[in-house]
Each structure stands twice: as C-alpha cells, then as structure tokens.
Amino acid sequence: MPEQQLTFIHISDTHISPDAEYGKHHTPHSTYDGAKALVKAVNALPFNVDFILHTGDVVYDPIPEAYMTAHDILSQLARPVYYLSGNHDSGADLQRVLLGRTEIVDPFYYTFDANGFQIVGLDSNGPAEVPRGNVIAQQLEWLDAICSAHDDRPLVVAVHHNALPVGSPWLDDYMRITNGEALHQILLKAKDRLRGVFFGHVHQNIQMLQDGILYTSAASSWNQFNSWHGSSETVADGENPGFNVVSITASQTFIRRWNFQVE
Ligand SMILES: [Fe+2]
C-alpha cells in the first residue's frame, strides 16, 4: 500500500484588479499579468495535485468587479481551489463570485477532508487595525474543539495573516495577528497531528518553527518583499513571483518553492 499522501499548491496574494495595468507601480508586471502567469505555471506542472490553496488577498480591493476578473483568471486552474479571505478581500463577494454560493458565511472559516487529511481554513480578518489581523473568540472556540478532539487524521491549517513574531518589526508590529499567541496555544493541542500552518500576506517565503509547529508562507504572484531580524520598513525584493508545492505524508511535510517569470 502506498503511504498516505496529500499534495497541494500553495498560492497567495494575487491582488487581481479589473484594470489589467494595475500594480505596475510596484513591479514591472501588473497583478493581472502575474495571476495569468501563475495559472499557466501551475497548469504546466508535470504531476497531479489534490487541490490548490489560495491563502487570501485574491483581489486588490474588495469590489465585485475585481472578483469577476479573478473568476475569469483563476477558474482556468485545472484543480479545485480553496480560498481564504485576506485583508484586501470581501469574504461575501469571494463566496458569491468565486464559489457561486448564495448562502454566505461571515466570518468565512471552514474544514474539509482530503485523502484522509483534515484541512482547516481560518478567517483572520477580525477587529484589528489593518493590515493587522485578528481571529475572533467564536472561531478560536471552534478551532479549540477541533484541536482537542480525538482525531487521527493529519491536520493542515491555513490562515491569511502571519501569527507569531519573527523578530522583524514591520511583520510583527504592522502585519501580524494581534492574538496570534492565543491561536498558537490552541494549535499546540493538536501538535502531534499538525503538519503545518500555511499563510500569506507577507509576500515572501518564510519558514518558522515554534514549539514543534511549522509556520510557512508562499510568495505572491505580484510583488515580493523582504524581511530580516530588526527590519522596520517594507522593502521590495526583486525576486520573481512564485508558489509552493506541498507534499505531506503521515510523518513528513515537504515544501518545494517554484518561481516563474511574467512575460
Ligand atoms: Fe494581506
């Protein structure tokens, strides 16, 4: 019997606009062209995946027209996409336009099963000064029940914002989940089955291990930033856009970084 395995693509921060030129003030390419190139690169991968995880900031501004454009582009992805709502998103329009739902949930958090793995998607857009995040108490209680349950399934958690400090003031003071430590304490209850916490928002690849829990972010399909210990300003990184290919077995988590060029 082959070992139980889950493979998914982690994409993030597409910031799609109906204006095909939007975003060129930050990078040589627009968010529109970056998202189109992302879809092309993911669809060209020479292997199958179970699904695609988009950790939020799907659009540049939370207006319905932006989601129509996002739908035009992202519906070309050859595998199902699971979305999180970021601080640039409207959770309601995301559900209506991208998922075709008429019954809207707010906040937008959920869990599902894939290949015997449990996936949890959180909504970190609780009350906080943007672009900081917050996970409201009702959702933490829901997550606590999941993390305290007797469940053998390997667990994957996804959240838009960065949860824990990494020693970089612009990420920790300006961008972070204000109650990330409370979130971390709940996740520790499921440490033995938690295979990773996947986030976006920071437009860069960061891997951080704390108390045995792996936190890992993916690049944006638009512009990348950089950070280091002590960095207090948002600094552009000239790196190409990208995404991560994540493979998880019952005992290991592999994250492979892929970059692509925008023509
Ligand atoms: Fe964000």
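Any read-out appearing in this document is the output of simple, stated calculations on the displayed coordinates, not a laboratory observation. Bear in mind that the values here come from a model prediction, so they are computed numbers and not experimental data. So basically every Cβ, Gly included, is an ideal-geometry build from the backbone, and we count neighbours across all protein chains shown.
Does Pro169 fit the bill of being within 20 Å of Gly133 (Cα to Cα), of a type outside the set (Phe, Trp, Tyr) and over 19 Å from the mean Cα position of the chain (by Cα)? Can you show your working first?
Numbers: within 20 Å of Gly133 (Cα to Cα): yes; of a type outside the set (Phe, Trp, Tyr): yes; over 19 Å from the mean Cα position of the chain (by Cα): yes.
Yes; evaluated as a whole, the condition is true for this residue.
What is the one condition in (1) of a type in the set (A, V, I, L, M, F, W, C); (2) in contact with a Cys (Cβ under 7 Å, 6 or more places away or on another chain); (3) over 15 Å from Tyr215 (Cα atoms) that Trp170 does not satisfy?
(2)
List every residue pair whose Cβ atoms sit under 6 Å apart, with the two residues 6 or more apart in sequence or on different chains, where the first one lies in region 87-103 and is within 28 Å of Asn162 (Cβ to Cβ) and in contact (Cβ under 8 Å) with a residue 12 or more places away in the chain and the second, anywhere, is among the hydrophobic types (A, V, I, L, M, F, W, C) and away from the ligand (no atom under 13 Å from the Cβ).
As it stands, the answer is Gly91/Phe108; Ala92/Ile104; Gln95/Ile104, since those pairs meet every condition given.
Can you work out which of the residues in region 189-228 that are closer than 16 Å to Asp172 by Cα and of a type in the set (Val, Ile, Thr) is nearest to the ligand (Cβ to nearest atom)? Steps first, please.
Residues of region 189-228 that are closer than 16 Å to Asp172 by Cα, as a first pass: 199-210, 215-217, 225-228.
When the remaining residues are screened for being of a type in the set (Val, Ile, Thr), the result is 202, 206, 216.
Working: Val202: 8, Ile206: 14, Thr216: 16 Å.
Applying the filter and picking the extreme gives Val202.
Those residues that are closer than 20 Å to Ala236 by Cα, part of a loop (DSSP other than H, G, I, E, B) and touching a helix residue (DSSP H, G or I) at 6+ places or on another chain (Cβ under 7 Å), I need them from region 18-38; list them, please.
Tyr22, Gly23
Do any strands (runs of 3 or more DSSP E) entirely within region 220-263 hold 1 or more residues that are under 18 Å from the mean Cα position of the chain (by Cα), surrounded by 17 or more Cβ atoms within 10 Å (Cβ to Cβ) and at negative phi, and if so, which? Talk me through it step by step, then tell me what you get.
On the way: elements: 224-226, 235-237, 242-249, 253-259.
Once the strands (runs of 3 or more DSSP E) in region 220-263 are filtered for at least 1 residues that are under 18 Å from the mean Cα position of the chain (by Cα), surrounded by 17 or more Cβ atoms within 10 Å (Cβ to Cβ) and at negative phi, what remains is 224-226, 242-249, 253-259.
How many residues does region 1-17 hold that are part of a loop (DSSP other than H, G, I, E, B) and crowded, with 17+ Cβ neighbours inside 10 Å?
So in region 1-17, the residues part of a loop (DSSP other than H, G, I, E, B) come out as 1-4, 12-15, 17.
Narrowing further to those that are crowded, with 17+ Cβ neighbours inside 10 Å: 12-15, 17.
Here the count works out to 5.
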